[in-house]
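What follows draws every value from the coordinates through simple rules; no lab data is involved. Because the structure is a prediction, the values reported are computed rather than measured. Counting neighbours? That spans all protein chains shown, and the Cβs are built from the backbone with ideal geometry, glycine included.
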Amino acid sequence: MTVTTLSLKTLKEQGQKFSCLTCYDACFAALSNEAGIDVLLIGDSLGMVLQGKNSTLPVTMDDMVYHTECVMRGNSEALIMADLPFMANNSVQDTLNNAGRLMQAGANIVKVEGEAWLADSITALSQRGIPVCAHLGLTPQSVNKLGGYKVQGKNLDAADRMLAAAQSLEEAGADLLLLECVPRSLAEKITQQVSIPVIGIGAGNVTDGQVLVLHDMLGITPGNKPRFVKNFMTETNNILDALKAYDNAVKSSIFPAEEHSFKN
Ligand code: KIV
């Protein structure tokens, strides 16, 4: 069945979880469909995962359009979400132009990193029929400002600010939220207090959906793995079965377990 932002909202209302995985090409899009993955994210993580760069900052709109087209060709039923890369949301007009390119390349929804200041851009996108996922918490495009890839929302002030941002971005017209690296208790509060579906990564099993970077869950990313990553290949030794195991673990709330989550 074709996944839409509305079908994800229905799942949230029914208390059912959904799965999301990054995807950068047609072959993995087709395999992910076969495994039942609901949302394919063309993340700007492709800069680090595919291009070997040391952050997501060098990723361009042309890179994102190219990989979105690749994923679109292999996909038949998942919702395709594509990232607006660093500085592609400089102004409302830039956001509209760049989101338009991603939608014409095959995206069904665009994802933007930021905070409450995204509201005007989200409203403008929504008015033009472009669904939006607002990415809060650890926003890797701001790694230089954040001082590293660190858990966000740990103190009361920061947690209150994130909750307020989530509520104002829902009001501005966001269709989904993504929370990266936030304490489980804060993710739970935000998920309960907004009516739009919330996808988590490093946010505990309390959000409506989960996302992982494909190469991380296949155990092929070199170097140290973040705490929230699980390698699904160790149990299956076969890519399709690993994708199915991830989908199943998310939908049955087995993943993420306590050891993949952060406390305050
Ligand atoms: O770029 C990306 O892959 C992401 C996920 C890690 C959430 O934004």
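Numbers for the structure displayed
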read-out	value
Per-residue HN-Hα couplings for the stretch 66-78 [Karplus 6.51, -1.76, 1.60; θ = phi - 60°; Hz; x = Gly/Pro]	4, 6, 5, 4, 4, 5, 4, 5, x, 8, 10, 9, 6
Förster-model FRET efficiency, 35 Å R0, Asp241 and Ser7, C-beta, rounded to 0.05	0.85
Likely footprinting exposure, Glu180, Glu171, fewest C-beta neighbours within 10 Å first	Glu171, Glu180
Listed residues Gly202, Met233, Leu243: farthest to the positive end of the dipole of the stretch 190-244 (Cβ charges)	Gly202
Euclidean distance of C-alpha centroids, the stretch 181-224 and the stretch 93-150, integer Å	18 Å
Proxy reagent accessibility, fewest Cβ within 10 Å first, across Thr191, Thr5	Thr5, Thr191
Hz values of 3J(HN,Hα) by residue in the stretch 140-151 - Karplus curve (6.51, -1.76, 1.60), Gly and Pro given as x	x, 5, 9, 4, 6, 7, 7, x, x, 8, 10, 4
Net +/- balance of residues flanking Phe86 in space, Cβ distance below 14 Å, scoring K and R +1, D and E -1	-3
Residue-averaged [θ]222 nm for the chain, counting only DSSP H segments that reach four residues, each worth -39500 (n - 2.57)	-12000 deg cm²/dmol
Label zone at Tyr149 (point 7 Å along Cα-to-Cβ), backbone N below 11 Å, the stretch 46-85	48-49, 54-56
Computed magnitude of the charge dipole of the chain (debye, nearest 20; Cβ of K, R +1, Cβ of D, E -1)	420 debye
Mean separation of Cα contacts under 8 Å, 6 or more apart, over the residue count of the chain: relative contact order %	19 percent
